[in-house]
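A.B. asks: Before I ask anything, let me first share the structure, which is written out below as structure tokens.
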Amino acid sequence: MSDCIFCKIAAHEIPSSVVYEDDLVIAFDDLNPQAPVHTLVIPKAHYDNIVDGVPAGTLAAMVHAVGEVARAKGLDDGFRVIANTGAGAGQTVMHVHMHVLGGKELGENLV
Ligand code: 5GP
Ligand code: ZN
């Protein structure tokens, strides 16, 4: 999608702080972090959200990347993974992404 900011990040057309990358996915630090560690995991191919027909292998690659982010960032005490799905849930970039949040006590509240 030519007008999608995350497609441009995946193609390295827009710079980002890359934490992990493989053939299927890329992980980069969020521009507006909500926790000491706030990294986004996205597939390189465009899907609107996590239930937009993302192939199983791509979903597996995203989860694998979450683990790589946690290891790279030293999130040994735990972390949170969030996939806002749809505008009503606060999704602002319509290219599927998982937020990996950690580096502080996250508490019981979801957000
Ligand atoms: P959403 O609200 O869609 O779940 O999350 C989108 C996230 O993307 C937000 O946390 C926002 O800060 C982040 N974001 C938006 N544009 C950019 C960008 O150009 N670069 C980076 N690194 N993060 C972005
Ligand atoms: Zn996209």
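The values are calculated or read from the model by the stated rules, or taken from the named source; none is laboratory data. Since the structure is predicted, the reported quantities are computational estimates derived from the model, not experimental observations. Here Cβ is always computed from backbone atoms with ideal geometry, including for glycine, and neighbour counts include all displayed protein chains. Note: areas computed on protein heavy atoms with side chains; ligands, DNA, RNA excluded. Shrake-Rupley method; radii C 1.70, N 1.55, O 1.52, S 1.80 Å.
A.B. asks: Would you be able to tell me the number of residues in segment 1-18 that are in a loop (DSSP other than H, G, I, E, B) and either away from ligand 1 (no atom under 11 Å from the Cβ) or open to solvent by 60 Å² or more (accessible area, probe 1.4 Å) (or both)? Write out each step before concluding.
C.D. replies: Of all residues in segment 1-18, those in a loop (DSSP other than H, G, I, E, B) come to 1-4, 11-17.
Cutting the leftovers down to either away from ligand 1 (no atom under 11 Å from the Cβ) or open to solvent by 60 Å² or more (accessible area, probe 1.4 Å) (or both) gives us 1-3, 11-13, 15, 17.
Number of matching residues: 8.
A.B. asks: State yes or no: is PRO43 more than 9 Å from ligand 1 (Cβ to nearest atom) and either out of contact with any Gly (no Cβ under 9 Å at 6 or more places or on another chain) or within 26 Å of GLY107 (Cα to Cα) (or both)?
C.D. replies: Working: more than 9 Å from ligand 1 (Cβ to nearest atom): yes; either out of contact with any Gly (no Cβ under 9 Å at 6 or more places or on another chain) or within 26 Å of GLY107 (Cα to Cα) (or both): yes.
Taking the combined requirement at face value, the residue satisfies it.
A.B. asks: Provide a single number: the residues in segment 12-29 that are without any contact (Cβ under 8 Å) to a residue 12 or more places away in the chain and aliphatic (A, V, I, L, M).
C.D. replies: Of segment 12-29, the ones without any contact (Cβ under 8 Å) to a residue 12 or more places away in the chain are 12-15, 18, 21.
After this cut, where a residue has to be aliphatic (A, V, I, L, M) as well, the list is 14, 18.
So the count comes out to 2.
A.B. asks: Of all residues in segment 19-32, count the ones that are of a type outside the set (Phe, Trp, Tyr) and either open to solvent by 60 Å² or more (accessible area, probe 1.4 Å) or away from ligand 1 (no atom under 12 Å from the Cβ) (or both).
C.D. replies: First, the residues of segment 19-32 that are of a type outside the set (Phe, Trp, Tyr): 19, 21-27, 29-32.
Right, trim to either open to solvent by 60 Å² or more (accessible area, probe 1.4 Å) or away from ligand 1 (no atom under 12 Å from the Cβ) (or both) and you get 21-25, 31-32.
The number of residues fulfilling the criteria is 7.
A.B. asks: Out of ALA35, ALA72, I need the residue that is open to solvent by less than 20 Å² (accessible area, probe 1.4 Å), away from ligand 2 (no atom under 16 Å from the Cβ), out of contact with any helix residue (DSSP H, G or I) (no Cβ under 9 Å at 6 or more places or on another chain) and outside any strand (DSSP E or B). Which one?
C.D. replies: Values: ALA72 fails: open to solvent by less than 20 Å² (accessible area, probe 1.4 Å).
Going through ALA35, ALA72 in turn, just one is open to solvent by less than 20 Å² (accessible area, probe 1.4 Å), away from ligand 2 (no atom under 16 Å from the Cβ), out of contact with any helix residue (DSSP H, G or I) (no Cβ under 9 Å at 6 or more places or on another chain) and outside any strand (DSSP E or B): ALA35.
A.B. asks: In the list LEU40, LEU101, LEU106, which residue meets the criterion of being touching a Lys or Arg at 6+ places or on another chain (Cβ under 6 Å), under 28 Å from ASP3 (Cβ atoms) and in contact (Cβ under 8 Å) with a residue 40 or more places away in the chain?
C.D. replies: On the way: LEU40 fails: touching a Lys or Arg at 6+ places or on another chain (Cβ under 6 Å); LEU106 fails: under 28 Å from ASP3 (Cβ atoms).
After applying the criteria, what remains is LEU101.
A.B. asks: Report, by residue number, each residue of segment 75-111 that is β-branched (Val, Ile, Thr) and either open to solvent by less than 50 Å² (accessible area, probe 1.4 Å) or touching a strand residue (DSSP E or B) at 6+ places or on another chain (Cβ under 7 Å) (or both). Even if it seems obvious, please write down each step before you answer.
C.D. replies: Taking segment 75-111 as the starting set, the residues that turn out to be β-branched (Val, Ile, Thr) are 81-82, 85, 92-93, 96, 100, 111.
VAL81, ILE82, VAL93, VAL96, VAL100, listed by residue number.
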